[in-house]
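Below you'll find the structure, written out as C-alpha cells, and then a few comments.
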Amino acid sequence: MKNKLQKIGFGGGCHWCTEAVFQSLIGVAEVAQGFIASTGNETSFSEAVIVHFDPQQISYKELIEIHLYTHKSTSEHSMRTKYRSAIYFFNEAQETLITEILKETQKDFEKKIITKVLPFYDFKFSDQMFHNYYYNNPKKPFCETYINPKLSLLMQKFSKNINPEKITPREPVL
C-alpha cells in the first residue's frame, strides 16, 4: 500500500486538532504532526500536518473539504502566522488540483475562504510527547474544548469518510 500513497500538507490551527481529524479517516495511512514552512512570505514554520493517504479510498476533494470545514478557514485572527490556514502542495499537478477544488468549494461558504495554497518547503516534527495527543489525552480540557467539537462536526458532515475504530480515543500505550 505504501507505493500507492500520496501526501498533502494541511495547516489549520493547532496541529493536535488537525492530527485528530485526519487520523479518523478511511484511507489515511499516516499523519505526521509538526511544523511546515513554505517559501516567499510564508517561510516561518506554522503548526501543520502531512497526511499520507490512498487516493483510491479518499479523494483530494474530500480531504480538502474536511480541512475547510473543521477549522476556521474563513476568518483571520492575530495568530495566523503560527496557525496559518494553508494547504501545502508537493508538485505542480497538486497545486492546480487544489486551486480548482478551492474555487469549486467556495460556493458552499458564505464568507471568502482565506486558506492559502502554498508550496511545501520544509517540515519539523513536533515533540514526540505530543504525537497522537487526542488519542492519548481525550479527557484533557483542551481536547474536550477544541478537538471534540471538530470530531463531532466531522461525524455529522463526513460520516462516510470516518473509520469508527479510529475516531474513538485509544488507551495510551505504556
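Every number in this text was worked out from the coordinates using simple rules, so none of it is lab data. Treat the numbers as computed from the prediction; the structure is a model and nothing was measured. Here the Cβ is made from the backbone with ideal geometry for all residues, glycine too, and neighbour counts use every protein chain on show.
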Original post:
Going by the structure shown, is TYR134 touching a residue at least 60 places away in the same chain (Cβ under 8 Å), touching a helix residue (DSSP H, G or I) at 6+ places or on another chain (Cβ under 6 Å) and of a type in the set (Phe, Trp, Tyr)?
Top reply: yes
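Residues checked against (1) part of a strand (DSSP E or B); (2) out of contact with any strand residue (DSSP E or B) (no Cβ under 7 Å at 6 or more places or on another chain); (3) of a type in the set (Ser, Thr, Tyr):
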residue: ALA20; (1), (2), (3): no, yes, no
residue: ALA32; (1), (2), (3): yes, no, no
residue: ILE58; (1), (2), (3): no, no, no
residue: LEU68; (1), (2), (3): no, yes, no
residue: THR96; (1), (2), (3): no, yes, yes
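With respect to SER46, is the statement that it is touching a Pro at 6+ places or on another chain (Cβ under 6 Å) and crowded, with 16+ Cβ neighbours inside 10 Å true?
no
Yes or no, residue by residue, for (1) out of contact with any Pro (no Cβ under 8 Å at 6 or more places or on another chain); (2) over 21 Å from GLU47 (Cβ atoms); (3) loosely packed, with under 14 Cβ neighbours inside 10 Å:
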residue: PHE89; (1), (2), (3): no, no, no
residue: LEU97; (1), (2), (3): yes, yes, no
residue: LEU102; (1), (2), (3): yes, no, no
residue: ASP108; (1), (2), (3): yes, yes, yes
residue: ILE113; (1), (2), (3): yes, no, no
residue: LEU118; (1), (2), (3): yes, no, no
residue: ASP122; (1), (2), (3): yes, no, yes
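Residue check: is ASN161 touching an Asp or Glu at 6+ places or on another chain (Cβ under 8 Å) and within 13 Å of VAL21 (Cβ to Cβ)?
yes
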